[in-house]
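Visitor: I have a structure here, written as structure tokens, and I will follow up with some questions on it.
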Amino acid sequence: MPKRKPSETSPPPQLTNRQIAAMLTRIGDILELNGENVFKVRAYRTAADSVEHLNQDIRDIWLNDEKNLLAIHGVGPAIANKLDELLRTSEMSFYNEVTKTIPVGVLEIMKVPDIGPKTTLRLWKELNVTSLDDLRAAIQAGKVRALKGMGEKSEQKMLAGMDVVARKTTRRLMATVYPFAEDVIAAMQKACGSKIKEITFAGSLRRRKSTIGDLDLLISADAENAKDLLTIFTQLSHVETVNDLGSTKASVIARNGMQVDLRVLEPKHWGCALVYFTGSQQHNILIRSLAQKLEYTLNEYRFAKGKKELFCASEREVYERLGLDWIPPELREATGEIEAARAHRLPKLVELAELKGDMQTHSTWSDGKLSIEQMARAAQARGLKYLAVTDHSKGLGVVGGLTEETIKQQWAEIDEVNRRLRGFKVLKGLELEIKADGTLTMSDDVLAKLDICLASTHTAQKQPRAKITARVVNAMRHPFVDAIAHPTGRLIGKREPMDLDMAEMMRVAKETGTILEVDGAEERLDLDETHVRRVKELGMKTMIDSDAHHPDGFVGLGYGVDNARRGWAEASDVINTLEWNELKTHLKRNRK
């Protein structure tokens, strides 16, 4: 860690990480509204996301030296200079300049799905719409449909988009909360040492739900240490505000805005507490109901039968006392796991270590950040045996994409990389764009020479159900489309899934042997757990991919596994748990 410059004083403490991130986000929004370069807009948003999710105060990185800020992901020299000014003076002249002429409510309009910067600007300039309330009133008065190029359908889309915004919660992506929780746990272990016997997170994070509300932490420790542990917790650098500090529980607001609750329990209570604070509400109701049938009462501390108290030091003891096999946390959602545990028919869920390769990744040939060889060596270092490079085909304008000429150049590079690597194979893949009219963006001659082809839909995602389903079904019927990538197209908290007929899509997938992907990218987790389970029930296989655009993105394999486990997937349900020579025989293109 760099040392603080001794001649300079501490910065003003007024602004939190969240407030600074909000300023950077607002700058990005205004730049987009003004038609600024897309890369400049993206830079501010990336920096905002990184600052908001720092696990420490930004000042502890800055230390009165602008260059230290370059260590934050996405912060380049220009943004570092502006942050340095802000941290020294609590003012950012650039922020003051760009926000001067834009009403705050205009930026809120731009966050509504299907209302981009150009439409927002027109609504503001032509109808004086400067808030969501103004927009709703303008729609009700029929003013929006009167604008050139708009109509009743435009108004309906805007109203639907505002409903989506209204439904949004403060829940965060699991992939954001998980490393934060691990960091808090590591800080507690370092500060408290042997006073902690066990420590873990519980709740929806332990069940690996795609989004998380509050974070629940549990510690097993001797009763005499409880108060000290809770006090230390409230004094961690992660903490911004202390809501409550009691004898067995503390509640704080972290610097990233999350509420974090910590409970300290005696070791004899550990099993019951872990079951109670992990399971969904409905799962816990079923567990307590089962206990009552056995003439027990059960709470977060103990079983009781009359005046006799029964303690469980582990979760397995709790489930065994109820006549059940231990239930993996991901399954504790009251979707049949109790019955399966009673009948000893719980699945042996797929593990991250069982994945042999990653079937969707990107390089600098489209929108990836590193070369094919750099991505391959990073994958090999993680223990993988093969990697499909699936850069985008032409037709997705925002990323450029491969043409029929450039993909052949890419193949030559892949051949050269494979000559240099030992014990690892780079596969010639492609993420093929399904165009709005249902046609594909590469000839059959090219597609036939790939190792694997994934088709996906990035454009015209608001088409009616019949039309967009037909687009995907048409692609699945193609002999060289082996899989559908991130099938529903959702971006969690940002974009609703496409209105696909999933039953029809799965029917055709089974008929044609097309694989439906589980995309582990943190905002996708697509297929979701309900669709994964349906794929399993239909006897089909899926594949779990990271959609990595940088080696950091390989963590998506783990999140994809988490999502597949929630869908009851076993290793036998996931095609990339196979060695490549066996996997390729399952691909549509290699079947007779």
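The values are calculated or read from the model by the stated rules, or taken from the named source; none is laboratory data. A quick note: this is a predicted structure, and the numbers were derived from the prediction, not measured. Positions of Cβ are generated from backbone atoms using ideal geometry, with glycine treated the same way; all protein chains shown enter the neighbour counts. To get the accessible areas, we keep the full protein, side chains included, count just its heavy atoms, and leave off ligands, DNA and RNA. Shrake-Rupley method; radii C 1.70, N 1.55, O 1.52, S 1.80 Å.
Visitor: Which one of SER237, SER247, SER251, SER194 is farther than 30 Å from GLU522 by Cα, small (Gly, Ala, Ser) and either assigned to a helix (DSSP H, G or I) or under 30 Å from the mean Cα position of the chain (by Cα) (or both)?
Guide: Of SER237, SER247, SER251, SER194, the one residue that is farther than 30 Å from GLU522 by Cα, small (Gly, Ala, Ser) and either assigned to a helix (DSSP H, G or I) or under 30 Å from the mean Cα position of the chain (by Cα) (or both) is SER194.
Visitor: Another one. Might you check whether a residue that is in contact with a helix residue (DSSP H, G or I) (Cβ under 6 Å, 6 or more places away or on another chain), of a type in the set (Lys, Arg) and outside any strand (DSSP E or B) occurs anywhere in region 212-233?
Guide: No, the conditions are met nowhere in region 212-233.
Visitor: Working carefully through the options ALA221, ALA186, find the one that is in contact with a strand residue (DSSP E or B) (Cβ under 6 Å, 6 or more places away or on another chain) and of a type in the set (A, V, I, L, M).
Guide: Residue meeting the stated conditions: ALA221.
Visitor: If GLY383 passes every condition in (1) closer than 22 Å to ASP519 by Cβ; (2) open to solvent by 40 Å² or more (accessible area, probe 1.4 Å); (3) outside any loop (DSSP other than H, G, I, E, B) but one, which one does it miss?
Guide: So GLY383 meets the others, but not (3).
Visitor: Looking at ILE327, ILE287, can you tell me which residue is open to solvent by less than 10 Å² (accessible area, probe 1.4 Å) and part of a helix (DSSP H, G or I)?
Guide: Selected residue: ILE287, the only one of ILE327, ILE287 that is open to solvent by less than 10 Å² (accessible area, probe 1.4 Å) and part of a helix (DSSP H, G or I).
Visitor: Can you name the condition, by its number, that GLU320 falls short on among (1) in a loop (DSSP other than H, G, I, E, B); (2) open to solvent by 10 Å² or more (accessible area, probe 1.4 Å)?
Guide: In the conditions (1) in a loop (DSSP other than H, G, I, E, B); (2) open to solvent by 10 Å² or more (accessible area, probe 1.4 Å), GLU320 misses (1) alone.
Visitor: Is there a residue being part of a loop (DSSP other than H, G, I, E, B), surrounded by fewer than 17 Cβ atoms within 10 Å (Cβ to Cβ) and either at pLDDT 90 or above or of a type in the set (A, V, I, L, M, F, W, C) (or both) anywhere in region 147-154?
Guide: yes
Visitor: What are the residues in region 122-140 that are open to solvent by 60 Å² or more (accessible area, probe 1.4 Å) and within 16 Å of LEU33 (Cα to Cα), if any?
Guide: ARG122, LYS125, GLU126, ASN128
Visitor: Can you tell me which residue is surrounded by the fewest Cβ atoms within 10 Å (Cβ to Cβ) among those in region 95-117 that are closer than 14 Å to SER154 by Cα and of a type outside the set (A, V, I, L, M)?
Guide: That would be GLY116.
Visitor: Give the residue, chosen from VAL177, VAL252, that is over 28 Å from GLY556 (Cα atoms), at pLDDT below 95, out of contact with any Pro (no Cβ under 7 Å at 6 or more places or on another chain) and not polar (S, T, N, Q).
Guide: Matching residue, one of VAL177, VAL252: VAL252.
Visitor: If you check ILE79, ILE115, ILE109, which single one turns out to be assigned to a loop (DSSP other than H, G, I, E, B) and free of Cβ contacts under 8 Å to residues at least 60 places away in the same chain?
Guide: Result: ILE115 is the single residue among ILE79, ILE115, ILE109 that is assigned to a loop (DSSP other than H, G, I, E, B) and free of Cβ contacts under 8 Å to residues at least 60 places away in the same chain.
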